[in-house]
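Following: one structure in structure tokens, then a few remarks.
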Amino acid sequence: MSAYDLEEQEQIAELKAWWKERGGRVIAAATLLLMAVAAWNGWMWYQRSQASQVAVLYDTLQKAAQANDLRATRDAAGAILENFPRTAYAPLAALICAKVQFQAGDLKTARAQLEWVVDNARSEEIQAIARLRLSIVLLDDKDLDAALRILGEKPQPGFEALYASQRGDVLMAQNKISEARAEYRTALAKTGPADRALHEVLRLKLDALGES
């Protein structure tokens, strides 16, 4: 037997010994790796499937809202909130549904949708929009104390003027004229160059209160 053959047999013997000692762990690790890959692929498939389903529902919702189909709008939004509450579509769906229902005079449904957004939306900007719209619904529903409470939290940057203006409207409804005037002044001071329309509205409100 040549030295080469002897060396090869020694290597084979070492490999057998190594495999006997560690082969089980290698197989277990490989099995776990395959399971992890399978689980990841399954999760990605599930995510794609979920995204596809909610996108279809959201498209249905938008079409129903454009057609002013109250029942279809409510059903589509309800399906999204029930089945896909953690997606980015959910708070947007609730905002759309609330707008349609409010315009139709269904304040109860509009309020419920907006309260869901306030409680569940991850985006602080979307929460700020929901609080503002909820205060409008509450004002229309004559729940004035609740309307003021929802506006009590410090608004997101960029919403200061709108919040102050809305507080002024609620205070006017409570016949608190001087407090309403102060809120309108605050709102006016917070308006920027891009807020020309709001600026004009606030000027009209202050003019109506006898302030030029």
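The values are calculated or read from the model by the stated rules, or taken from the named source; none is laboratory data. What you are looking at is a predicted structure, and each value in this text was computed from that prediction instead of being measured. Here Cβ is always computed from backbone atoms with ideal geometry, including for glycine, and neighbour counts include all displayed protein chains. In case anyone asks, the SASA skips ligands and DNA or RNA and just uses the protein heavy atoms, side chains included. Shrake-Rupley method; radii C 1.70, N 1.55, O 1.52, S 1.80 Å.
Computed values, structure above
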quantity: Violating pairs (Cα-Cα greater than 28 angstrom) within the set Lys63/Lys154; Lys63/Lys108; Lys108/Lys176; Lys108/Lys190; Lys154/Lys176; calculated: Lys63/Lys154; Lys108/Lys190
quantity: Extension gain, Glu160 back to Asn68 (0.36 nm per residue minus Cα-Cα distance, nm); calculated: 30.0 nm
quantity: Stokes-Einstein translational diffusion, the range 91-151 - Kirkwood Rh over all Cα pairs, 1.567 mPa s, 4 °C, in µm²/s; calculated: 118
quantity: Projected-area average for the range 145-212 over all orientations - Cα convex hull basis, square nanometres; calculated: 4.4
quantity: Dipole moment magnitude, nearest 20 debye, the range 140-212 about Cα centre, only Lys, Arg, Asp, Glu C-beta charged; calculated: 220
quantity: Charged-residue dipole, Cβ positions (Lys, Arg, Asp, Glu), the range 76-212 about Cα centre, Debye nearest 20; calculated: 120
quantity: Fraction of the pair-distance distribution of the range 63-212 above 22 Å, Cα-Cα pairs, percent; calculated: 45
quantity: Two-decimal Rg/Rh across the range 64-110, once Rg and the Kirkwood Rh are taken from alpha-carbon atoms; calculated: 0.96
quantity: FRET efficiency, 1/(1 + (r/R0)^6) with R0 41 Å, evaluated for Arg122 and Glu200 via beta carbons; calculated: 0.75
quantity: Percent accessible area from carbon and sulfur atoms, the range 75-174, protein chains only, probe 1.4 Å; calculated: 49
